[in-house]
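K.L.:
One structure, as structure tokens, below. Some questions next.
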Amino acid sequence: MKKTIGLGRVHDFHSKEAGIYAILVDRLWPRGIRKENLPIDLWGKDWAPSPGLRQLFHDGKIDFSQFRQSYSEELQDKKQEIKEFLSKLVLPKILLLFASRNLGENNAVVLKEVIEGWLSDDQAKHQKIIEDRRN
């Protein structure tokens with residue numbers, strides 16, 4: 001089953017639609033939100049950037065392109081774990097939630113890009129196997 005991945009700001013997320021698996025992908029719990037009031041399925045804090053990398057980006061010591069590169073490299077160590085988890089999900093839509101006010105440059109954007117790359121690679125490999133069996 002093909003999975004689609006969306007992004008959303010956690011402060012704008014108040015109720016969950018059917019068929020969506022919501023994952024908070026920040027290491028720190030978002031300010032001003034009580035845990036019992038956030039309808040998420042998983043707090044994927046282990047999928048978040050390392051504290052050191054997060055702090056470098058937050059403090060402006062590295063730009064987004066450097067952050068994207070470093071975080072993508074960190075995610076390679078978690079690739080198998082994340083892929084296995086996602087493969088077990090029966091819901092086709094995943095929503096990655098984040099607290100950042102910057103909607104275009106945050107960890108969830110990078111995580112989405114990386115996961116979609118992994119899923120695309122897997123789909124291409126699967127297609128090649130099917131084609132090889134036909135020949």
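K.L.:
Pairs please, first residue from the stretch 51-76 and modelled with pLDDT of 95 or more, second anywhere and part of a loop (DSSP other than H, G, I, E, B) and β-branched (Val, Ile, Thr), Cβ atoms under 7 Å, 6+ apart in sequence or on different chains.
P.N.:
Qualifying pairs under 7 Å: Leu56/Ile62.
K.L.:
Let me ask another. Checking Arg27 against (1) in contact with a helix residue (DSSP H, G or I) (Cβ under 8 Å, 6 or more places away or on another chain); (2) at pLDDT below 95; (3) of a type outside the set (S, T, N, Q); (4) more than 17 Å from Trp118 (Cα to Cα), only one condition comes out false. Which one?
P.N.:
So Arg27 meets the others, but not (2).
Residue-wise test of (1) among the polar types (S, T, N, Q); (2) over 17 Å from Lys3 (Cα atoms); (3) touching a helix residue (DSSP H, G or I) at 6+ places or on another chain (Cβ under 8 Å).
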| position | (1), (2), (3) |
| --- | --- |
| Gln55 | yes, yes, no |
| Phe67 | no, yes, yes |
| Ser70 | yes, yes, yes |
| Lys79 | no, no, yes |
| Lys88 | no, no, no |
| Leu97 | no, no, yes |
| Ala108 | no, no, no |
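K.L.:
Is it true that some residue in the stretch 118-128 is at pLDDT below 95, within 12 Å of the chain's Cα centre (by Cα) and not basic (Lys, Arg)?
P.N.:
Checking the stretch 118-128: at least one residue is at pLDDT below 95, within 12 Å of the chain's Cα centre (by Cα) and not basic (Lys, Arg).
K.L.:
Can you spot a residue in the stretch 89-107 that is at pLDDT 90 or above, touching a Ser or Thr at 6+ places or on another chain (Cβ under 6 Å) and among the polar types (S, T, N, Q)?
P.N.:
Scanning the stretch 89-107, I find at least one residue that is at pLDDT 90 or above, touching a Ser or Thr at 6+ places or on another chain (Cβ under 6 Å) and among the polar types (S, T, N, Q), so the answer is yes.
K.L.:
Just the residues that are more than 18 Å from Asp26 (Cβ to Cβ) and without any contact (Cβ under 8 Å) to a residue 40 or more places away in the chain, please, taken from the stretch 91-117.
P.N.:
Gly117
K.L.:
Taking the criterion of being touching a residue at least 12 places away in the same chain (Cβ under 8 Å), of a type outside the set (Lys, Arg) and in contact with a strand residue (DSSP E or B) (Cβ under 6 Å, 6 or more places away or on another chain), would at least one residue in the stretch 32-41 satisfy it?
P.N.:
Among the residues of the stretch 32-41, at least one is touching a residue at least 12 places away in the same chain (Cβ under 8 Å), of a type outside the set (Lys, Arg) and in contact with a strand residue (DSSP E or B) (Cβ under 6 Å, 6 or more places away or on another chain), which makes the answer yes.
The values are calculated or read from the model by the stated rules, or taken from the named source; none is laboratory data. Only a predicted model underlies this, so the values are computations on that prediction, with no experimental measurement involved. Positions of Cβ are generated from backbone atoms using ideal geometry, with glycine treated the same way; all protein chains shown enter the neighbour counts.
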